[in-house]
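Participant: Below is one structure. I have some questions about it.
The values are calculated or read from the model by the stated rules, or taken from the named source; none is laboratory data. Fair warning: this is a prediction, and the values are worked out from it, not measured in the lab. Neighbour counts run over all protein chains shown; Cβ positions are idealised from the backbone, glycine included. Surface accessibility is based on the protein's heavy atoms, side chains included, excluding ligands, DNA and RNA. Shrake-Rupley method; radii C 1.70, N 1.55, O 1.52, S 1.80 Å.
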Amino acid sequence: MPGNRPVILRVAVNVPLNRYFDYLCPPGYPSNRLLPGMRLKVPFGRGKTIGVLLETTHTSELPLSRLKRVLAVIDDEPVFDEVLMKLLRWSADYFHHAPGEVFATALPALLRGSRPLPAAPEHWCATPLGQAAEPLKGASRQQALLELLLEHGSLSESELPALFKGWRPSMRALQAKGLVERRIIERGPPIPGPEAPDDVSLTGPQQKAVAEIGAHDGRFATTLLFGVTGSGKTEVYLSLIRRLLASGQQAMVLVPEIGLTPQLIRRFRERLPGQLAVLHSGLADGQRLEAWRMARSGEAAIVLGTRSAVFTPMARPGLIIVDEEHDSSFKQQDGFRYSARDLAIVRARLHGIPVVLGSATPSLESFHNAQTGRYQLCELPERPGNVAQPSMRIVDLGAHRSDHGLATPSLMAMHAHLEQGGQVLLFLNRRGFAPALFCTECGWVAGCDRCDARMTVHAAKGQLRCHHCDRRCAMPAHCPQCREQLIPVGQGTQRVEDFLRRQFPDIGVTRIDRDSTRRKGSLPDKLDEIRSGRSRILIGTQMLAKGHDFPDISLVIVMDADQGLFGTDFRSSERLAQIVTQVAGRAGRAQRPGEVLIQTRFAKHPLLLDLIRDGYAAFASDALVERRAAGWPPYSHLALLRAESPSQDDARIFLEAARHEAEKICDGGTCLLGPAPAPMEKRAGRFRAQLLLQASQRNSLRKLLGPWIAKLENLPQRRKVRWSLDVDPVDMF
Ligand code: ADP
Ligand code: ZN
Ligand code: ZN
């Protein structure tokens, strides 16, 4: 009889081990009150830590006598609902990551300890006496506050400060008169904000997309919303969400890290009723917890956030949207290496709700899934209101003289656009003054001693910096080998900025990159310089590629397309096409027709020509043909085992041992490639190597990975290295 056997708790303990742990119930705690998803305080090794209860059972691999007791049950109710529990278990299993760390990642930082779940803030509302009260004579603030409460029904203590400055004394006075009272409202319906007028009437393709996606209400379906830049994808999201909120459900919107701009947040706030919970890494822990709580209780109608927001609990989920789904920031690049885009789809399937992936430049994986019918495809081929797509042209760097990286035709185009009152955006994905410092005499190059990389010149600070490990040193005055003169070679954004200031002295120049926007508040200032027209030349890195709208930009110059054409990664060309298309999309947003110039030394490169002549879809179709021929994803499935160590041999020796283990388990459906040095072998003083696993069937890979990881965890060679497994890697170095 199970009733007589002790209850065993299976727990995801927050330690870096790829397994669950069994415990016994704490003394005197009724086991029937334990529910999966509750947090527990458990003994571990010689210390204590936190875990999440997975399930209760009656069997364990260990004898009962060896099981320890849980020290305390932290929660009275599960922190994660059933779907999230399934999602997290699935994630740990799929990405082969320590489940305790997976569960901890999904919790707001403040809940990773034993702090209790936050309670809902208290709400104030008028009592029946207050509802019937005559106007209060001689107490105009109290009267105003009472009217505000009557208008809103009730207001929480987190909303009041914004609506009524210094509300507390007046509220106390009203309370003393019995006109208002305090209540805890939990899991209430979303509190409707001021009903926003819906001023945009959707275009035909937008209406079609809303109808086709809306047709899946209440069941799982994945739609790829493929809309050219500026085609109104966000308007489609807003319309879908508005419909959903009317039926009392919540929507989740995931955006890339640099896509979550104040502009976007404002647009959601202004255009949608209901509260918005915003979650991103820049929040203070307390703010993040409050947003999480509002999403979980259902008070927030919309959850808007970056990667890790995919784990936010929702009381009544109805729709998930992943905007700019191709963006690599949806993939976590260290620790628990999950893909938030892929998890959004898994989560939607578990909830039985629709999910929308939006992009002007879909990833080839998603594009392929749409082509084969796994995803529904909705297209927005044009910009609304007769705004033309910008025209693109190649500028052959080999055929023209150039000055500071700008070819003569590009400079001429700049003059022409500026004279006509337009604005110019220059895109160069290289910050700093110059990417290298050379000796003209002996050929010495300033390299980083900790990385296989050149040091970047930061002239304003008189420094050399490594952009890979952040090592900094003073710029040498002479060549350390031959004492001759050193010259900075190549163009970085700072150097081009200096040049443009000299070239166009009467026109403001604004630079946007990580260096110029480090200080808090400087990015909005810089954006404002451009939007107000105080500055009409904008130079920057990929920080410019998305999220920001610059309505008056009429000319875009991609200064160096070649950086992306010959990358070592099979995704280099896809990335290049995406960034060129996204940057080009900044042009001609207003009525002004846009022009885009792409500077390259390879003016006949078939991929560039494809993209320019026929657009991203044509590029994607051709790129998929190449992927198929080469057997890369989506036509195969990858996992990458990485290792790094201070000595060059140890990483390789570990990977060789790992390969040997894999060969013993492998069913022949998975190819093992390597070990090989990483494309940048030395980084921050460590040597890096990798072993790539490639399988045409996902199942073959899955069957191999589980038992393999278990072996790797016990390999003696592991002691000298740091290693990690990346399932579906996005970056190959
Ligand atoms: P995307 O998300 O595809 O980049 P947005 O939704 O931001 O596009 O729309 C681009 C611009 O076009 C915005 O200024 C938006 O207000 C405008 N817009 C979008 N849809 C419409 C429409 N149906 N009617 C008028 N303007 C629209
Ligand atoms: Zn020299
Ligand atoms: Zn370095």
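Participant: Order the following by accessible area, largest value first: 574, 644. Probe radius 1.4 Å; ligands, DNA and RNA are ignored. The partial results should precede the final answer.
Facilitator: Details: 574 10, 644 45 Å².
Largest to smallest exposure gives the sequence 644, 574.
Participant: Hey, which aspartates and glutamates would be in cross-link range of residue 137, C-alpha to C-alpha under 16 Å, not counting anything within fewer than 8 residues on its own chain?
Facilitator: 147
Participant: Which stretch or stretches of the stretch 290-333 have amide N atoms under 16 Å from the point lying 7 Å from residue 35's Cα along the Cα→Cβ direction?
Facilitator: The answer is 296-298, 313-316, whose backbone nitrogens lie closer than 16 Å to the label point.
Participant: How much length is gained if the chain between residue 501 and residue 316 is pulled fully straight, taking 0.36 nm per residue apart and subtracting their Cα-Cα distance, in nm to one decimal? All intermediate terms of the calculation are to be shown ahead of the outcome.
Facilitator: Details: separation 185, 0.36 × 185 = 66.60 nm, distance 5.40 nm.
Full-extension gain reported as 61.2 nm.
Participant: Taking the Cβ-Cβ separation of residue 372 and residue 215 as r and a Förster radius of 22 Å, what is the calculated FRET efficiency to the nearest 0.05? Working shown, then result.
Facilitator: Working: r = 20 Å, r/R0 = 0.92.
So the FRET efficiency works out to roughly 0.60.
Participant: With every protein chain present, what is the per residue accessible area of the stretch 2-111 (1.4 Å probe, Å²)? Let's see the in-between values first.
Facilitator: Details: 5280 Å² over 110 residues.
Heavy-atom accessible area per residue stands at 48 Å².
Participant: Residue-wise, which Karplus ³J(HN,Hα) couplings in Hz belong to the stretch 503-517, taking 6.51 cos²θ - 1.76 cosθ + 1.60, θ = phi - 60°, and x for glycine or proline?
Facilitator: 6, 10, x, 8, 10, x, 10, 10, 10, 10, 7, 5, 6, 7, 10
Participant: Further question on the same structure: If I take R0 = 25 Å and measure r between the Cβ atoms of residue 525 and residue 285 in this structure, what FRET efficiency does the formula 1/(1 + (r/R0)^6) give, to the nearest 0.05? Mind showing how you got there, number by number?
Facilitator: Working: r = 27 Å, r/R0 = 1.08.
For residue 525 and residue 285, the calculated efficiency is 0.40.
Participant: Further, regarding this structure: Trypsin sites (Lys or Arg not before Pro) within the stretch 343-447: which are DSSP loop residues with at most 16 other Cβ atoms inside 10 Å? Spell out each step's value before the answer.
Facilitator: Numbers: sites: 347, 349, 374, 393, 401, 430, 431; in loops: 374, 401, 430, 431.
Answer in residue order: 374, 401.
Participant: Can you flag which of 48/86; 682/720; 331/461; 520/682; 664/703; 208/233 are past 22 Å Cα-Cα? Working shown, then result.
Facilitator: Details: 48/86 26 Å; 682/720 16 Å; 331/461 34 Å; 520/682 33 Å; 664/703 13 Å; 208/233 12 Å.
From 48/86; 682/720; 331/461; 520/682; 664/703; 208/233, over 22 Å: 48/86; 331/461; 520/682.
Participant: Shifting gears a bit: Select from the stretch 31-140 those GluC sites (Glu not before Pro) which occupy a DSSP coil region and have at most 10 other Cβ atoms within 10 Å, ordered by residue number.
Facilitator: On the way: sites: 55, 61, 82, 101, 122; in loops: 61.
In loop regions of the stretch 31-140 (DSSP not H, G, I, E or B), the sparsely surrounded GluC sites (Glu not before Pro) are 61.
Participant: Indicate the gyration tensor shape class of the stretch 360-478 (rounded, prolate or oblate), computed on the Cα atoms with a ≥ b ≥ c the square roots of the eigenvalues: a/c under 1.5 is rounded; otherwise a/b larger than b/c is prolate and the rest oblate. Can you show the working numbers first?
Facilitator: On the way: a/c = 2.81, a/b = 1.54, b/c = 1.83.
Cα axes put the stretch 360-478 in the oblate bin.
Participant: Keeping all protein chains in place, calculate the accessible area per residue for the stretch 434-587 (probe 1.4 angstrom), answer in Å². Numbers along the way, then the final one.
Facilitator: Details: 6660 Å² over 154 residues.
Per-residue value: 43 Å².
Participant: Which trypsin sites (Lys or Arg not before Pro) in the stretch 1-98 sit in a loop by DSSP (not H, G, I, E or B) and have at most 15 other Cβ atoms within 10 Å of their own Cβ?
Facilitator: On the way: sites: 10, 19, 33, 39, 41, 46, 48, 66, 68, 69, 86, 89; in loops: 19, 46.
In loop regions of the stretch 1-98 (DSSP not H, G, I, E or B), the sparsely surrounded trypsin sites (Lys or Arg not before Pro) are 19, 46.
Participant: Sticking with this one: Between residue 338 and residues 5 or more places away or on another chain, which pairs have amide H atoms under 5 Å apart, with H built 1.01 Å from N, and which residues are they?
Facilitator: Amide H neighbours of residue 338: 332.
Participant: I would also like to ask the following. Output the relative contact order of the stretch 592-733, whole-number percent, from Cα pairs under 8 angstrom with separation of 6+ residues.
Facilitator: Numbers: 191 pairs, mean separation 42.8, N = 142.
RCO, the stretch 592-733: 30 percent.
Participant: Still on this structure: Quick check: at a probe of 1.4 Å, how many percent of the accessible area of the chain sits on carbon and sulfur atoms? Before the final figure, lay out each step's value.
Facilitator: Working: 16360 of 32570 Å².
Result for the chain: 50 percent of the exposed heavy-atom area is carbon or sulfur.
Participant: Another question about this same structure. What does the accessible area per residue of the stretch 122-184 come to in Å², with a 1.4 Å probe and no ligands, DNA or RNA counted? Don't jump to the answer; show the numbers that get you there.
Facilitator: Details: 3670 Å² over 63 residues.
About 58 Å² of surface per residue is accessible.
Participant: Nearest 5 percent is fine: what portion of the DSSP beta bridges confined to the chain is antiparallel? Write down the numbers at each step before the final one.
Facilitator: Working: 65 of 120 bridges.
Looking only at bridges with both residues in the chain, the antiparallel portion is about 55 percent.
Participant: Moving on to the next point. Determine the gain in length on full extension of the stretch residue 629-residue 709; use 0.36 nm per residue of separation and subtract their C-alpha separation, reporting nm with one decimal.
Facilitator: Working: separation 80, 0.36 × 80 = 28.80 nm, distance 3.03 nm.
Difference between extended and current length: 25.8 nm.
Participant: Residues of the stretch 265-296 with backbone nitrogen within less than 11 Å of a virtual label 7 Å along the Cα-to-Cβ line of residue 257, please, listed as ranges.
Facilitator: Under 11 Å, as judged by backbone N against the label point of residue 257, lie 281-282 of the stretch 265-296.
Participant: Per residue of the stretch 232-247, in order, report the coupling 6.51 cos²θ - 1.76 cosθ + 1.60 (Karplus, θ = phi - 60°) as ³J(HN,Hα) in whole Hz, putting x for Gly and Pro.
Facilitator: x, 5, 4, 5, 5, 4, 4, 5, 4, 5, 4, 4, 5, 5, 4, 8
Participant: Now for a different question. Rounded if a/c is under 1.5, else prolate if a/b is larger than b/c, else oblate: which is the stretch 204-384, with a ≥ b ≥ c the root eigenvalues of its Cα gyration tensor? Working shown, then result.
Facilitator: Values: a/c = 1.44, a/b = 1.24, b/c = 1.16.
Since a/c stays below 1.5, the shape of the stretch 204-384 is classed as rounded.
Participant: Is the C-alpha gyration tensor of the chain telling us rounded, prolate or oblate? Criteria: a/c under 1.5 is rounded; beyond that, a/b larger than b/c is prolate, otherwise oblate.
Facilitator: On the way: a/c = 1.73, a/b = 1.16, b/c = 1.49.
It is oblate, given that a/c is not under 1.5 and a/b is not larger than b/c.
Participant: Then there is this: If I take every Cα pair under 8 Å that is 6 or more residues apart in the stretch 122-184, average their sequence separation and divide by the length, what percent do I get for the relative contact order? Intermediate results must be reported in sequence, preceding the final value.
Facilitator: Working: 72 pairs, mean separation 36.0, N = 63.
Reported relative contact order: 57 percent.
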